[in-house]
1. Just grab the label-to-label distance for residue 32 and residue 81, each label 7 Å out from Cα along the Cβ direction, in nm (one decimal).
2. Give me 20, 74 sorted ascending by neighbouring Cβ count inside 10 Å, so fewest comes first.
3. Quick check on the chain: helices-only [θ] at 222 nm, where DSSP H runs of length 4 and up contribute -39,500 (n - 2.57) each and the sum goes over total residues. Nearest 500, please.
4. Using alpha-carbon positions, what is the distance between the centroids of region 5-51 and region 65-93, in Å?
5. For the chain, calculate the relative contact order in percent as a whole number, restricting contacts to Cα pairs under 8 Å that are 6 or more residues apart.
6. For region 3-109, just the Cα set please: Rg and Dmax, both in angstrom.
7. On a 0 to 90 degree scale, rounded to 10, what angle separates helix 94-109 from the longest Cα axis of the chain?
8. Sorted from fewest to most neighbouring beta carbons within 10 Å, what does the list 26, 79 look like?
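Values in this text are rule-based calculations from the coordinates and carry no lab data. None of the values given here were measured: they were computed from a predicted structure. No Cβ is skipped: glycine too gets one built from the backbone with ideal geometry, and neighbour counts run over all protein chains shown.
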Ligand code: SF4
Ligand code: SF4
């Protein structure tokens, strides 16, 4: 078997698992991230105890747009400006696989 076949890895646009959480401090926004968010960073991020995080809405990051359909799509509305922590979660990494196992069913249930 081709090692690439071992995990049925979805495309990020059809997954979105790592953008889901019920925690308000899920996606850390650093100073550099805040600056990269552009003219209205507080549209996307919020301060809590002197630290900034992405706003969360309905169990997922507020920047995640869920498009119902066949297939459904999970679109990061700020993809080019997303925080560093999102950039570092590599598709196919152990962290990614863990997110899929834990949350993909939740993500799919939203479509
Ligand atoms: S969990 Fe992995 S495959 Fe799913 S959206 Fe995140 S990086 Fe992409
Ligand atoms: S900023 Fe984009 S990639 Fe990061 S959690 Fe939010 S929707 Fe997902």
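1. For residue 32 paired with residue 81, the spin-label model returns 1.8 nm.
2. 20, 74
3. So the helix-based figure for the chain works out to -7000 deg cm²/dmol.
4. Measuring centre to centre over Cα atoms gives 9 Å.
5. 34 percent
6. Cα-based Rg and Dmax for region 3-109 come out at 14.1, 45 Å.
7. 90 degrees
8. 79, 26
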